[in-house]
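Heads up: the structure comes next, in structure tokens.
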Amino acid sequence: MRSSRTTIRVIILLILFTAVGYTISRTLFYNDYNAINPGDLAPDFTLTTLDGLKLKLSDTKGKGVILNFWGTYCPPCVTEMPLIEEKYQKYKDQGLTVVAVNIAENKITVDRFAHRYGLTFPIVLDSKRETIDPYGIGPMPATLFIRPDGTIIPIEMQGKQTDRPIFEGQLTDKVLEDHIRKILP
Amino acid sequence: MRYEGAVRRSQSINKSIVNQIWNFFSSVRVGIYIILIILIVSIMGTILPQEHFLALTNPKAFYIEKYGVFGEIFYTLGFTRMYTSWWYKALLGMLLISIIIASLDRVIPLYRALKNQTVRKNKAFLMQQRIHTQWSTTADEIPYQLQKLQNAMKKRGYNVRQDAQALLAEKARFSRWGPYVNHLGLIMIITGALLMTSIPGWYLDKFMWVQEGEIKHVTGTPYYVKNERFTIDLYSEAELQKIKSENQSAVKRYQTDAILYEKVGEMPNGQPDLKQVMNHPMTVNDPLRYKKVRLYQADYKLSEWKNMCFSIINKKTGEKHGDFSVDLYNPEPSYELPNGLTVVIQDYFPYLSFNEDQEPINISSKPENPAFIFLIKGPEAPEGELSWAIIGTPLDEIHSENVYKANFKDLETVNTSGIKISMNKGMSIIWTGAAIFMIGIAMGLYWQHRRIWLCYEDGNVIMGAHTNKGWVGLRKEIMSIMKESGLHIPDDQLQLGGK
């Protein structure tokens, strides 16, 4: 009688602790502010490039991808563009590509901007802000680094790996070099 | 503490680790401490605004700058994102476990004890009851008396059991379950709150702007919303007089005629395939409700620039060459006009500004200060001439060589609705829990579990009665039962004992 009572107690306690523990672990390991986490597959999207072609993110598999969210109206985005172009030129033969997602601007403004700055990497237009949600994009510029297998790498800050998938703020030469090294095929 | 004579389980079993954990959570004292801790930290969390209400890029800097050292401590301790933090949920989880175990530990013995009640109790037990009495009668009389008493008791809603010459009358036993029903309600409320903040897609509180004619994705849902029209109705002259308002432009209604679409798939070109699921004129307290999602009319912007209309004029002859209208959100690359004229948009700045080097730059995605560089080609300028068009800026000097000129003619505007999106899938659980909680309170407080025992022994009938509260009422009820059964007990023999 007593041992069966203890068994029942063990079962009840196990159920309760598992349920509560699971709920808490969701909070611990999944940051509320991140829609995605390092190691996740980059959410796929299909958007139109400035050349009028469809670009599907998952079609870039096999290449390391710098996924950048930007707008011409955002000064740090504008400042970092020549740097991204430089790295694109330097590493594109080693299997690096760039997908620059412009958020909610008209084609002419973006096209002329790209022309003025001599940008050659693919720029896609997200006129409906569809990518904001799945990627949890907050302030711009926001940059993700994607491995050839399509997974997102964790951002490194001051030599230390963080649990964040998105680099927020203006890219520097060091940040780009550090992360590009990890995503080249 | 004893429940109906049964020792509470947690106190009767030796202490293994499992039982120690069990006893910890079963303790009311522990439960009260957990509640107090939750109470105190919940109050703490309200001292400074929570992070997610502020939409900050650098929350730490914000709290330090605005609130100084206290802000820094507050932020570092995690109070700025407290209600979704792991430790706050852990506290709620502990309270949940405490309520469940403490209830189980008490409700099961109570249920057993009440289910297995014996009708016949010994004399000493009856005489110990706070309300008790006895009277003498004969063996011939007793069946008759018991029958009369039983009838009177049944009339008053008692459930009567007889065992030989003993009676047990019981009423409203269910009120004993009140506290546990109450706990069940609390369990549901806490569970709802935990699930709501933990499961992605259960809770949503966002805001978005939707321009008239625009279809926008409702963040965090499979839905898209279209703003058909936004209107503001004012009170009419007559209505204003009726309500004696001084305000001549009192608003009667803010309304967005909205259509809700659901994404049912993807079209070959990658665009979402939308199916209309609902349309509803949203007004302030009448949101569009679809499944668990609510869209509220929350804000508006009137007359935002949408289309800009230009006419091309030959500066020499003053001749008009026709008009064209440019969608400021999505301009065409070029516009064909009569008389062989073509206007190509060479560049477009939705919000023109200049950087340190005096180069034109764009500083917003909203066309609030639009500027165009047109390339106008015509019979008199086959190569085309560049022409700036900036609102409110005469540019005739820089284009003095030009034949053609793009004159600003007209502006078409649209209204924009601010829509609040809210979804809380935990809410139905929480409300059900709250309702059950109230039922539990009513059960426990409004009804009383009354019991009357009677037994015949050696020419005497002994009666004892017990209730969990409302002794005066029980005494009155017994008096009236006696009276109806033809038994006259002097008042002083049915006193409320001083126990």
> Do you know which residues across region B:421-433 are out of contact with any helix residue (DSSP H, G or I) (no Cβ under 6 Å at 6 or more places or on another chain) and aliphatic (A, V, I, L, M)?
Replying inline: B:ILE421, B:MET423, B:MET427
> Here are B:LYS291, B:LYS252: which of them is surrounded by 12 or more Cβ atoms within 10 Å (Cβ to Cβ) and at positive phi?
Replying inline: B:LYS291
> Taking B:GLY78, is it over 21 Å from A:LEU13 (Cβ atoms), out of contact with any Gly (no Cβ under 8 Å at 6 or more places or on another chain) and of a type outside the set (D, E, K, R)?
Replying inline: yes
>> Need pairs with beta-carbon distance below 9 Å; first residue farther than 27 Å from B:LYS420 by Cβ and free of Cβ contacts under 8 Å to residues at least 12 places away in the same chain and within region B:234-260, second among the hydrophobic types (A, V, I, L, M, F, W, C) and in a loop (DSSP other than H, G, I, E, B); sequence gap 6+ or separate chains.
In response: B:LEU240/B:ALA250; B:ILE243/B:ALA250
>> Any residue at all in region A:48-71 that's touching a helix residue (DSSP H, G or I) at 6+ places or on another chain (Cβ under 8 Å), surrounded by 12 or more Cβ atoms within 10 Å (Cβ to Cβ), in a helix (DSSP H, G or I) and more than 10 Å from chain B (Cβ to nearest Cβ)?
In response: no
> Name the residues in region A:13-45 that are at pLDDT 90 or above and facing chain B (nearest Cβ under 7 Å), would you?
Replying inline: A:LEU13, A:LEU16
>> Condition first: away from chain A (no Cβ under 14 Å), closer than 30 Å to A:TRP70 by Cα and touching a Ser or Thr at 6+ places or on another chain (Cβ under 7 Å). Can you find one or more residues in region B:404-414 that meet it?
In response: yes
> Can you tell me which residues in region A:97-129 are closer than 25 Å to A:GLY150 by Cβ, away from chain B (no Cβ under 14 Å) and surrounded by fewer than 22 Cβ atoms within 10 Å (Cβ to Cβ)?
Replying inline: A:THR97, A:LEU119, A:THR120, A:PHE121, A:PRO122
>> Filter region B:329-345 down to the residues that are free of Cβ contacts under 8 Å to residues at least 12 places away in the same chain and surrounded by 12 or more Cβ atoms within 10 Å (Cβ to Cβ) and list them by number.
In response: B:SER334, B:TYR335
> Looking at region B:169-209, which of the residues that are of a type in the set (A, V, I, L, M), surrounded by fewer than 21 Cβ atoms within 10 Å (Cβ to Cβ) and in contact with a strand residue (DSSP E or B) (Cβ under 6 Å, 6 or more places away or on another chain) is nearest to B:ILE34 (Cα to Cα)?
Replying inline: B:MET196
> If B:THR221 satisfies every condition in (1) buried (at least 20 other Cβ atoms within 10 Å of the Cβ); (2) within 14 Å of another protein chain (Cβ to nearest Cβ); (3) assigned to a helix (DSSP H, G or I) but one, which is the exception?
Replying inline: (3)
> For region B:63-99, which residues satisfy the criterion of being over 24 Å from the mean Cα position of the chain (by Cα) and within 20 Å of B:ILE35 (Cβ to Cβ)?
Replying inline: B:SER98
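From B:PRO287, B:PRO350, grab the single residue that is modelled with pLDDT of 90 or more, within 41 Å of the chain's Cα centre (by Cα) and within 24 Å of B:THR413 (Cβ to Cβ).
B:PRO350 is the lone residue from the list that is modelled with pLDDT of 90 or more, within 41 Å of the chain's Cα centre (by Cα) and within 24 Å of B:THR413 (Cβ to Cβ).
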>> Out of the residues in region B:310-328 meeting the condition of being touching a residue at least 24 places away in the same chain (Cβ under 8 Å) and among the basic types (Lys, Arg), tell me which one is nearest to the other protein chains (Cβ to nearest Cβ).
In response: B:LYS315
>> Of everything in region A:125-176, what is under 22 Å from A:LYS87 (Cα atoms) and β-branched (Val, Ile, Thr)? Give them in sequence order.
In response: A:THR143, A:ILE146, A:THR151, A:ILE152, A:ILE153, A:ILE155, A:ILE166, A:THR172, A:VAL175
> If only one of A:PRO76, A:PRO139, A:PRO134 is within 11 Å of chain B (Cβ to nearest Cβ), modelled with pLDDT under 95 and either over 25 Å from B:ASN369 (Cβ atoms) or assigned to a helix (DSSP H, G or I) (or both), which one is it?
Replying inline: A:PRO134
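Considering region B:345-359 alone, what residues qualify as being more than 10 Å from chain A (Cβ to nearest Cβ) and within 22 Å of A:LEU125 (Cβ to Cβ)?
Keep residues of region B:345-359 that are more than 10 Å from chain A (Cβ to nearest Cβ), which gives B:352, B:354, B:356-358.
Passing the criteria: only B:LEU352.
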> Quick check, is A:THR120 touching an Asp or Glu at 6+ places or on another chain (Cβ under 8 Å) and touching a residue at least 24 places away in the same chain (Cβ under 8 Å)?
Replying inline: yes
> Only one of (1) loosely packed, with under 15 Cβ neighbours inside 10 Å; (2) in contact (Cβ under 8 Å) with a residue 24 or more places away in the chain; (3) more than 14 Å from chain B (Cβ to nearest Cβ); (4) not in a loop (DSSP other than H, G, I, E, B) is not met by A:LEU144, so which one is it?
Replying inline: (1)
>> Anything in region B:329-344 that is within 23 Å of A:GLY52 (Cα to Cα) and away from every other protein chain (no Cβ under 13 Å)? List them, or say none.
In response: B:GLU336, B:THR342
>> So in region B:19-48, with the set limited to residues that are over 30 Å from A:SER4 (Cα atoms), surrounded by fewer than 14 Cβ atoms within 10 Å (Cβ to Cβ) and of a type outside the set (Ser, Thr, Tyr), which one is nearest to the other protein chains (Cβ to nearest Cβ)?
In response: B:ILE37
>> Residues that are touching a helix residue (DSSP H, G or I) at 6+ places or on another chain (Cβ under 6 Å) and buried (at least 16 other Cβ atoms within 10 Å of the Cβ), at least 1 per element: which helices (runs of 4 or more DSSP H) completely within region B:54-148 meet that?
In response: B:59-76, B:86-115
>> Under 9 Å between Cβ atoms, which residue pairs at least 6 apart in sequence (or on different chains) link something in region B:194-206 that is at the interface with another protein chain (Cβ under 10 Å from one of its Cβ atoms) with a partner that is in a loop (DSSP other than H, G, I, E, B) and of a type in the set (Ser, Thr, Tyr)?
In response: B:SER198/A:TYR30; B:PRO200/A:TYR30; B:LYS206/B:THR219
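The values are calculated or read from the model by the stated rules, or taken from the named source; none is laboratory data. Everything quoted here is computed from the prediction, not taken from an experiment. Using ideal geometry, Cβ is built from the backbone for each residue, glycine included, and neighbour counts are taken over all protein chains shown.
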